[in-house]
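Participant: Pasting in a structure now, in structure tokens, and then I'll have a few things to ask.
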Amino acid sequence: MFYRRLRDLREDMDKSQTQIAEVLKTSRQQYGRWETGAQELPMHHFITLAKYYNVSLDYIAGIIDTPRKLL
């Protein structure tokens, strides 16, 4: 489920996979594997993306459906 949320967050901000890969200091291909669910996203990248998108980890993980902003 979280991989759909990754794509939705990225698209809502009009960002490319390449741009998000740069934020995570990885390749576009590797980010693409995380976004499609082919590989699991490491926890430190979850944290980086939560800060980048200003949403809680539980939203990115798909535990809740309404985004909560970070304090």
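Participant: Does Asp58 qualify as being surrounded by fewer than 12 Cβ atoms within 10 Å (Cβ to Cβ) and either at pLDDT 95 or above or not basic (Lys, Arg) (or both)?
Facilitator: Details: surrounded by fewer than 12 Cβ atoms within 10 Å (Cβ to Cβ): no; either at pLDDT 95 or above or not basic (Lys, Arg) (or both): yes.
In short, no.
Participant: If you scan the stretch 18-52, which residues turn out to be of a type in the set (Gly, Ala, Ser) and either out of contact with any Ser or Thr (no Cβ under 7 Å at 6 or more places or on another chain) or closer than 15 Å to Asp8 by Cβ (or both)?
Facilitator: Ser27, Gly32, Gly37, Ala38, Ala50
Participant: If you don't mind, there's one more thing I want to ask. Can you tell me which residue in the stretch 29-43 is nearest to Arg7 (Cα to Cα), limited to those that are in a helix (DSSP H, G or I) and touching a residue at least 12 places away in the same chain (Cβ under 8 Å)? It would help to see each step written out before you state the result.
Facilitator: Here is the first cut: in the stretch 29-43, the ones in a helix (DSSP H, G or I) are 29-36, 43.
Now narrow it down to the ones that are touching a residue at least 12 places away in the same chain (Cβ under 8 Å): 31-32, 34-36.
Values: Tyr31: 10, Gly32: 9, Trp34: 10, Glu35: 6, Thr36: 8 Å.
Checked the stretch 29-43; the qualifying residue nearest to Arg7 (Cα to Cα) is Glu35.
Participant: From the list Arg68, Arg5, Arg28, Arg33, which one is among the charged types (D, E, K, R), modelled with pLDDT of 95 or more and either in contact with a helix residue (DSSP H, G or I) (Cβ under 8 Å, 6 or more places away or on another chain) or buried (at least 17 other Cβ atoms within 10 Å of the Cβ) (or both)?
Facilitator: Answer to the check: Arg28.
Participant: Still on this structure, please answer the following. Considering only residues that are assigned to a loop (DSSP other than H, G, I, E, B) and of a type in the set (A, V, I, L, M), look in the stretch 44-71 and name the one that is farthest from the chain's Cα centre (by Cα). Spell out the reasoning first.
Facilitator: Initially, the stretch 44-71 is screened for residues assigned to a loop (DSSP other than H, G, I, E, B), giving 54-56, 61-71.
Checking the rest, the ones that are also of a type in the set (A, V, I, L, M) come to 55, 61, 63-64, 70-71.
Values: Val55: 10, Ala61: 9, Ile63: 14, Ile64: 15, Leu70: 15, Leu71: 18 Å.
Here the residue is Leu71.
Participant: Is there any pair with a first residue in the stretch 58-70 that is touching a residue at least 40 places away in the same chain (Cβ under 8 Å) and a second that is among the hydroxyl-bearing types (Ser, Thr, Tyr) and surrounded by 12 or more Cβ atoms within 10 Å (Cβ to Cβ) whose Cβ atoms are under 8 Å apart and which are 6 or more apart or on different chains, and what are they?
Facilitator: Filtered contacts from the stretch 58-70: Ile60/Tyr53.
The values are calculated or read from the model by the stated rules, or taken from the named source; none is laboratory data. Treat the numbers as computed from the prediction; the structure is a model and nothing was measured. Cβ sites come from the backbone with ideal geometry, for glycine too, and all protein chains shown count toward neighbours.
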